[in-house]
Amino acid sequence: MIANNLKLYNYWEKYVDCKKLYRVMPYEYFNNRLDKIDPKNNPYKPIYSPLLELFTLVINYEKSGKIFRLKWRDSKPRLSKVLKLSFNDYYENCIDFTTSYQEVLWMSNQWKGGALATNLKAIISCLSSTEKEMSVEEKKLLTKLSVWVEKKESYKNVIISINGNLTCLETAKFQHRQEGLKNIYWPSPFGSFDHFAKVTNNELEKYKPYLECGKEAYIRVSEPIYLKDINIVNP
């Protein structure tokens, strides 16, 4: 197949085989001495029930007319929306990578303990203004979640990278950033050359801004990634 598609192979070699994908995560996961990072081993399972209770508390506040908003870069979504997105990530059982090193560098500096810990800390801070109106159980809930956040924040964030030629990337979801399209996911172009050639057949142009020009995309990996394939990047 390579002999018949030498030009395409050279393209794959330059923009996929040599491509680095990045992620920021607490060093906690490397302390566990596991041989792989498995998306099915969801680290947020222990706080699923408290998260659900927090979501119920926020919804009840909103129903009573108390709307809290969280500053998220250029937007200010309701706390309920932030929590909904957190639950979506929980159910996806994916490990997210990005094509942009600058993006993960920003995350590493801004999201101490990870995205969920950062969001929970901000949500708890918002709700603390209503502490006098809370029941004993609701106060205990916020305390429990605060303890979890503090534990996550005690670990240093590290930036990791993986090569774009890993076979586990072939089943990943490629979340493009193109507006106006109903389907936010495309097939992943990453992995082996044979996979790349199949996915990009007559559709290479739409991937080029992400592969060549540094346009940001997220790659949602659903298969295990072995530690031998992971590099820790010093920011």
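Can you find, within segment 79-108, the residue that is surrounded by the fewest Cβ atoms within 10 Å (Cβ to Cβ) among those that are polar (S, T, N, Q) and touching a residue at least 60 places away in the same chain (Cβ under 8 Å)? Outline the logic, then answer.
Step one: filter segment 79-108 for residues polar (S, T, N, Q), giving 80, 86, 88, 93, 98-100, 102, 108.
Add one more test, that the residue is touching a residue at least 60 places away in the same chain (Cβ under 8 Å), and what stays is 93, 98-100, 108.
Values: N93: 13, T98: 18, T99: 22, S100: 18, S108: 19.
Filtering segment 79-108 for residues that are polar (S, T, N, Q) and touching a residue at least 60 places away in the same chain (Cβ under 8 Å), the one surrounded by the fewest Cβ atoms within 10 Å (Cβ to Cβ) comes out as N93.
K112 fulfils the conditions (1) in a helix (DSSP H, G or I); (2) farther than 21 Å from P224 by Cβ; (3) in contact with an Asp or Glu (Cβ under 9 Å, 6 or more places away or on another chain); (4) among the charged types (D, E, K, R) except for a single criterion, (1).
Within segment 183-195, restricting attention to residues that are out of contact with any Leu (no Cβ under 9 Å at 6 or more places or on another chain), not hydroxyl-bearing (S, T, Y) and not in a loop (DSSP other than H, G, I, E, B), the residue that is surrounded by the most Cβ atoms within 10 Å (Cβ to Cβ) is W186. Part of a helix (DSSP H, G or I) and either polar (S, T, N, Q) or surrounded by 14 or more Cβ atoms within 10 Å (Cβ to Cβ) (or both) - does that describe any residue in segment 63-78? Checking segment 63-78: not a single residue is part of a helix (DSSP H, G or I) and either polar (S, T, N, Q) or surrounded by 14 or more Cβ atoms within 10 Å (Cβ to Cβ) (or both). Selection of segment 121-141 for residues being in contact (Cβ under 8 Å) with a residue 60 or more places away in the chain and among the hydrophobic types (A, V, I, L, M, F, W, C) yields I123, L127, L141.
Flag set for K173, criterion: touching a Cys at 6+ places or on another chain (Cβ under 8 Å), touching a residue at least 40 places away in the same chain (Cβ under 8 Å), among the basic types (K, R) and crowded, with 17+ Cβ neighbours inside 10 Å. Tallying residues that are in contact with a Pro (Cβ under 9 Å, 6 or more places away or on another chain), assigned to a helix (DSSP H, G or I) and crowded, with 18+ Cβ neighbours inside 10 Å within segment 147-168 yields 3. If the condition is being surrounded by 14 or more Cβ atoms within 10 Å (Cβ to Cβ) and either touching a Leu at 6+ places or on another chain (Cβ under 7 Å) or of a type in the set (D, E) (or both), then segment 196-224 contributes A197, E216, I219, V221, E223.
The set of residues in segment 30-42 being crowded, with 16+ Cβ neighbours inside 10 Å and modelled with pLDDT under 80 consists of F30 alone.
The values are calculated or read from the model by the stated rules, or taken from the named source; none is laboratory data. Quick caveat: nothing in here was measured; it's all calculated off a predicted structure. Ideal geometry is used to build each Cβ from the backbone, glycine not excepted, and the neighbour counts take in all protein chains shown.
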